[in-house]
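Colleague: Sharing a structure, written as structure tokens. Questions coming.
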Amino acid sequence: MPGSTPELPIVVLDALLPTTQRVVVNRRGSTVWEVESHRGRYAVKLGHPIEATAEWSAQPWTALAPAREGAVLHRLGVDDIAYGEWEHGTWNIQPWHQGPDLHKLWEPCRKQKASIKPDADVTLGCVQALADLHVRGWAHGDVQPAHFIIGPERTHLIDLALARGGPVPEAYDFPFRGCLVHYEALEIARSVLDTGEAEPTQEADVYALGASLLISATGWRAVEYPDDAPRPVQREAVANGRRRPVKAPGKLGELIDAMLSHAPEDRPTIYEVGKALI
């Protein structure tokens, strides 16, 4: 089904009886809708396998990701969750979170000679959202700016398909093979290069949050490599510690610098990050 937008499965339509629906994401392996119904407002995710191309190897795990995320959310006690299978993969239904993501919200900060500085309350909201996950013994595994939704009352951390911290149904589980390289910690990148897999950790989440704050505030990645570099080349740069100097202003810059420490044990915990911001 490359290049096409799938329809919502009948089981999802029957569950929600949508009054309106719109596609918000349609990319390799995943389609996401915003759906309104008499029950409320929901995000609906559909997964399907990615076929191999000349540039990319096949990625069958994307078909399982929505159901795995649904199972994780269920274990975390999130209400109003449903997930299941359709002919090309799996789906989930979860509450919709309204608001811009971190990167979008801080766009004015990245403009040349910008007078607007990163908001400390926004930073603290992102820290608290990740701390809420860590305190339950979970690691997110895919922390990035697009996964922090800055709502009117609180910040939500979304996209938990790669999270680790408790059992999920074996039929929907799959190995962790890294995430978006811009936000991968050194030890994650090295493990993926060496073995093809890695284990998400809370220390790697802290690194990823630091990299997320940096790129959102300044537009700069934490590690230097060509924009068009293949993914293995990007990972080699990360694993080899080719970090750029952190140029975020003031206390935030010092904190990000510590969060991006090469050794996991040298990074502050998410609770220590929160204390430093208060």
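Colleague: Could you tell me whether the stretch 178-188 includes any residue that is more than 30 Å from D121 (Cα to Cα), within 14 Å of the chain's Cα centre (by Cα) and at pLDDT 95 or above?
Modeller: No, because not a single residue in the stretch 178-188 is more than 30 Å from D121 (Cα to Cα), within 14 Å of the chain's Cα centre (by Cα) and at pLDDT 95 or above.
Colleague: Still on this structure: Which residue pairs have Cβ atoms under 7 Å apart, sit 6 or more places apart or on different chains, and have a first residue in the stretch 185-209 that is closer than 19 Å to H134 by Cα and polar (S, T, N, Q) and a second that is modelled with pLDDT of 95 or more and part of a helix (DSSP H, G or I)?
Modeller: T201/P264; Q202/H134; Q202/I270
Colleague: Against the definition (touching a residue at least 40 places away in the same chain (Cβ under 8 Å), crowded, with 19+ Cβ neighbours inside 10 Å, over 16 Å from the mean Cα position of the chain (by Cα) and not in a helix (DSSP H, G or I)), how does V238 come out, yes or no?
Modeller: Judged against the criteria, V238 is not a match.
Colleague: Still on this structure, I have one more. Test P245 against the stated conditions and say whether it is free of Cβ contacts under 8 Å to residues at least 24 places away in the same chain, closer than 27 Å to I278 by Cα and not polar (S, T, N, Q).
Modeller: yes
Residues are listed down the side, and each one gets a yes or a no for (1) in contact with a helix residue (DSSP H, G or I) (Cβ under 7 Å, 6 or more places away or on another chain); (2) modelled with pLDDT of 95 or more; (3) closer than 22 Å to A161 by Cα; (4) not in a loop (DSSP other than H, G, I, E, B):
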| site | (1), (2), (3), (4) |
| --- | --- |
| S4 | no, no, no, no |
| P18 | no, yes, no, no |
| N26 | no, no, yes, yes |
| W33 | no, yes, yes, yes |
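Colleague: Now for a different question. Any idea which of V12, V44 is assigned to a helix (DSSP H, G or I) and surrounded by 19 or more Cβ atoms within 10 Å (Cβ to Cβ)?
Modeller: Numbers: V44 fails: assigned to a helix (DSSP H, G or I).
None of the other options fit; the residue is V12.
Colleague: Restricting to the stretch 234-258, name every residue that is touching a helix residue (DSSP H, G or I) at 6+ places or on another chain (Cβ under 9 Å) and small (G, A, S).
Modeller: Answer for the stretch 234-258, where residues must be touching a helix residue (DSSP H, G or I) at 6+ places or on another chain (Cβ under 9 Å) and small (G, A, S): A237, A239, G241, A248, G253, A258.
Colleague: Residues that are in contact with a Ser or Thr (Cβ under 9 Å, 6 or more places away or on another chain), surrounded by fewer than 17 Cβ atoms within 10 Å (Cβ to Cβ) and in contact (Cβ under 8 Å) with a residue 40 or more places away in the chain: does the stretch 56-73 have at least one?
Modeller: No - not one qualifying residue is present in the stretch 56-73.
Quick grid of which residues meet (1) loosely packed, with under 14 Cβ neighbours inside 10 Å; (2) modelled with pLDDT of 95 or more; (3) assigned to a helix (DSSP H, G or I); (4) in the same structural domain as S57 (by TED's automatic domain parsing):
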| position | (1), (2), (3), (4) |
| --- | --- |
| E197 | yes, yes, no, no |
| A204 | no, yes, yes, no |
| Y207 | no, yes, yes, no |
| P245 | yes, no, no, no |
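Colleague: If you take the residues in the stretch 92-124 that are at pLDDT 95 or above and in a loop (DSSP other than H, G, I, E, B), which one is surrounded by the fewest Cβ atoms within 10 Å (Cβ to Cβ)?
Modeller: Checked the stretch 92-124; the qualifying residue surrounded by the fewest Cβ atoms within 10 Å (Cβ to Cβ) is Q98.
Colleague: Name the residues in the stretch 167-191 that are among the small types (G, A, S) and assigned to a loop (DSSP other than H, G, I, E, B), would you?
Modeller: G178, A185
Colleague: Can you find, within the stretch 125-166, the residue that is nearest to the chain's Cα centre (by Cα) among those that are of a type in the set (S, T, N, Q) and not in a loop (DSSP other than H, G, I, E, B)?
Modeller: This residue is T155.
Colleague: Then there is this: May I ask you to verify whether R221 is surrounded by fewer than 19 Cβ atoms within 10 Å (Cβ to Cβ) and either without any contact (Cβ under 8 Å) to a residue 60 or more places away in the chain or over 18 Å from the mean Cα position of the chain (by Cα) (or both)?
Modeller: no
The values are calculated or read from the model by the stated rules, or taken from the named source; none is laboratory data. All values derive from a computational prediction rather than experimental measurement. All Cβ positions, even for glycine, are placed from backbone atoms using ideal geometry, and neighbour counts span all protein chains on display.
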